[in-house]
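The values are calculated or read from the model by the stated rules, or taken from the named source; none is laboratory data. Since the structure is predicted, the reported quantities are computational estimates derived from the model, not experimental observations. Note: ideal-geometry Cβ built from the backbone for every residue, glycine included; neighbour counts use all protein chains shown.
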Amino acid sequence: MIILTTVILSFAAKLDMQPKRVYGLPKEGNHVKIKDSFLYVDSLKLHLYTIPKVRDLHTVAKTVIGKWAKMYTTIKIEESGNDGQNSYYAKAYYNLVGMRYPYKRKSTVKRMGNDYYAVYEHWYDGMLDFKYYIEYMEGSFYRKNGRYPENEKEFIYHIYGSYNIYSKWLNDVLWILRHFKYQ
């Protein structure tokens, strides 16, 4: 019995219990700080309850979302408008990219609003939720294709139909992506 216990404990000690995909904010290189209803990143100081300009939002997205920041910003422009043209859901729910209430994945949603749209505490929670959605959909893409998406266009075609079913949405997002001006 002692030998069996020793073998099991030695085997358990060698197991890698760390998740293969890390959720939430990156542990290294994440320069986002939140204090007193403000978000600080690089040289920006943004109020969490005021929707930032697209350029500033994209700067935060590059840090938080990483590789898919351009796709996030593109979808934000299509779903809730450009600077000063924010949709009802962006203003009332801090839902900048038209996310619906999730039932199956990790989320930062506060509650469900009209027409199943997700309601967030502030715009940054909405951005984090989109990050979780991207991670979820990357897994879906991988299961379907045996690899991860190579670029934004390929990823947008993958989410089209489940994220948004309208061909106008797809055409608009692809047009915005082609004419994207933020670095």
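Here are the numbers for the structure shown:
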| read-out | value |
| --- | --- |
| Lone unmet requirement of (1) more than 17 Å from Asp129 (Cβ to Cβ); (2) assigned to a loop (DSSP other than H, G, I, E, B) for Thr108 | (1) |
| Top-ranked residue in the stretch 136-164 [being modelled with pLDDT of 95 or more and not in a helix (DSSP H, G or I); ranked as farthest from Ser80 (Cα to Cα)] | Gly146 |
| Residue under evaluation Lys104, criteria (1) surrounded by 12 or more Cβ atoms within 10 Å (Cβ to Cβ); (2) of a type in the set (Lys, Arg); (3) more than 17 Å from Ala90 (Cα to Cα), criterion not met | (1) |
| Qualifying position, being within 17 Å of Val54 (Cα to Cα) and not small (Gly, Ala, Ser), among Arg143, Arg147, Arg111, Arg178 | Arg178 |
| Any hit, the stretch 103-123, residues being modelled with pLDDT of 95 or more and under 11 Å from the mean Cα position of the chain (by Cα) | no |
| Hey, Met71 under 21 Å from Phe155 (Cα atoms) and either at pLDDT 95 or above or over 12 Å from the mean Cα position of the chain (by Cα) (or both) or not | yes |
